[in-house]
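Comments concern the structure below.
The values are calculated or read from the model by the stated rules, or taken from the named source; none is laboratory data. As the structure is a computational prediction, the values presented were derived from the model and not from experiment. Neighbour counts run over all protein chains shown; Cβ positions are idealised from the backbone, glycine included. All accessible areas refer to the heavy atoms of the entire protein, side chains included, with ligands and DNA or RNA removed. Shrake-Rupley method; radii C 1.70, N 1.55, O 1.52, S 1.80 Å.
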Amino acid sequence: MERRLSAIMAADVVGYARLIRADEEGTIAALKALRADLIDPKLSQHNGRIVKLVGDGMLAEFPSVVDAVRAAVESQQAVAGHNADLPEDLRIAFRVGINLGDVVIDGDDIHGDGVNVAARLEALAEPGGVCISGSVHEQVRDRIDLPFQDLGEREVKNINRPVRVWQWVADGLEMGRSANADHAEPLPLPDKPSIAVLPFDNMSGDPEQEYFADGMAEDIIAALSRLPWFFVIARNSSFAFKGQAVDVRQLARELGVQYVLEGSVRKAGDRVRITAQLIDARNDRHLWAERYDRDLTDIFAVQDEITEKIVGAVAPEFLAAEMHRARNKDQQSLDAWDLYMRARWYRNRLDRESNVEAQQLLQKAIDLDPRGDLALGDLALSHMQGMFWGWSDSRPRSLAAAAENAERALVLNDNNVAARLAMATVDMFNRKYEDGIRRAGKAVELAPNSAEAYSWYASALTFACEWEKAIPALQKAIRLSPRDPLNATCYAVMSVATFLAARYEECIEWCERNLQEHPNAPPGVHRPMAAAYAMLDKMDEAKAAIEQLQRRIPSVTIDATREHLPIKNEDDMERLLGALRKAGLPE
């Protein structure tokens, strides 16, 4: 074995997928001819030699980094010129990575850190482009007049430190891409927003951790599949890309999806770092990214926790992107899904006018697609939301509308989460507490990572005076979606639950937090605040809260409160009403 410092060029072929499926032998022959005619002469001209052929790729060694970069760039330019005269399905493109580092020559094999980094750089390069490491760039930046773009530090697979990456893109890049991504016929997008979860990269250098990385992605796929808004690519399809350098745009076209979730796992000792990022692949933009550091005291508990956090974070980001897209779409081209997404945006605003607008949009979506159970379920829930916040002009009419639309949704899809939550709330207002809790609990089973499901489930528990279960459910809802505008509902229910639990100081804290974080929060938030202050004999604060309540709801009374809050336990209801009387609320 021999160890030495060398410039290593790693090159691999991309962009001939259609040709290889049609004629594998012809492709291999074309690749050999291309390498012999265009690439090998460039390597020899710049003192390089091929030291290893691996499938469609190769490793070449150079005595100087300047020679390596010149050979790579000239080779890519020659290939781009060659492709210009060929039809798309006959073009072959290369990615190239170059690194300067220690290599070990072992007979016919070559390995070492220098080789590993070169291979990872090649995977980061654009088809027709060249990526070089920071050490290579330091050597060539004043000696070669070529434009390199700084891509910053990147974490790459099986390398324990970030690698500084610089990129050069050939003038013929678009010719190199055209056979690969830009003009290939994409699969049509589903009628729901669609996502593929890629297998997480194992960055630990420990093959035994592969199962943990795979398990993360599998659990996320399973969890997302249970949310009704997603079309989720099955595990076997997304895992077909395992171990490959993936162009997410091309992957999105091949799988027919809008969004891609990718991530990595790095284990060191008893600690693990997990990263994840959500990408709008069709528009080539990042929507969300997060990093999680944990102790591996229980590897399966960590896997479950991170899955919950990632899904809880991705779902609202995913829906927010869809709502933004629908709101910016031309009015004349809105389809049922666009109307549904616009309606969700209005429903999240938590005011009377927006709730009415949401109902009108949802009805238009139903008119366009009478079998659209998602719109029916959300319409039912918006009627209950309007009644819960005091926006409804007629409680019987709202209850009837919610029940009618929820039942229609459940006929079409018995697993419609919103419809089950709406029916659960109808049950609670009809004093059918056990039925309501059962229905809401089933909704949580169907969507265990949905903050909204936990929020409405907690509402049912609160009205049933099961506050010891309601409070943890509300905490779970907030933890699943900490930036959700619908958290105003969570905070409001939490204030009622903590009042029923006689945790008056805590009740006031939740009311104040609601008003601080959601200045336009519905006015009913002042009701438990006034009652809690009265129970603590802080009468000035209690009366001030009543004044705020009456300013925003002039018709509010003790009788209206009794009707508005279907609290099961009469003693608890009288405790609340007695506190409001003490604070000055009229009968």
Problem - the stretch 321-454, dipole about Cα centre (Lys/Arg Cβ +1, Asp/Glu Cβ -1), debye to the nearest 20 - result: 240
Practice task
Report, by chain and number, residues whose modeled amide H sits under 5 Å from the one on Leu287, excluding near sequence neighbours (fewer than 5 apart, same chain).
Solution key: Leu278, Ile279, Asp280
Exercise for the section: Heavy atoms only, probe 1.4 angstrom, no DNA, RNA or ligands counted: give me His286, His82, His564, His526 ranked by accessible area, highest first. Expected result: His286, His82, His564, His526
Handout entry: Most to least packed among 438-447, 413-422, 70-79, 567-576 [average Cβ atoms within 10 Å]
Key = 413-422, 70-79, 438-447, 567-576
Completion exercise
Given backbone amide H placed at 1.01 Å from N, residues whose amide H is under 5 Å from that of Arg164, ignoring those fewer than 5 places away on the same chain, are Gly134, Arg154
Completion exercise
Here, Asn430 and Asn569, labelled 7 Å along Cα→Cβ, have an inter-label distance in nm of 2.6
Handout entry: Expected-Rg normalisation [2.2 N^0.38 Å, Cα atoms] applied to the stretch 35-170
Key = 1.01
Fill in the blank from the handout: Scoring only Lys, Arg, Asp and Glu (+1, +1, -1, -1) among other residues with Cβ under 12 Å from the Cβ of Asp351 yields +2
Fill in the blank from the handout: The percentage of the accessible area of the stretch 505-582 (probe 1.4 Å, all protein chains present) made up of carbon and sulfur atoms, to the nearest whole number, is 46
Handout entry: Sequence-distant residues sharing a close amide H with Leu296 (under 5 Å, placed H)
Key = Arg271, Val272
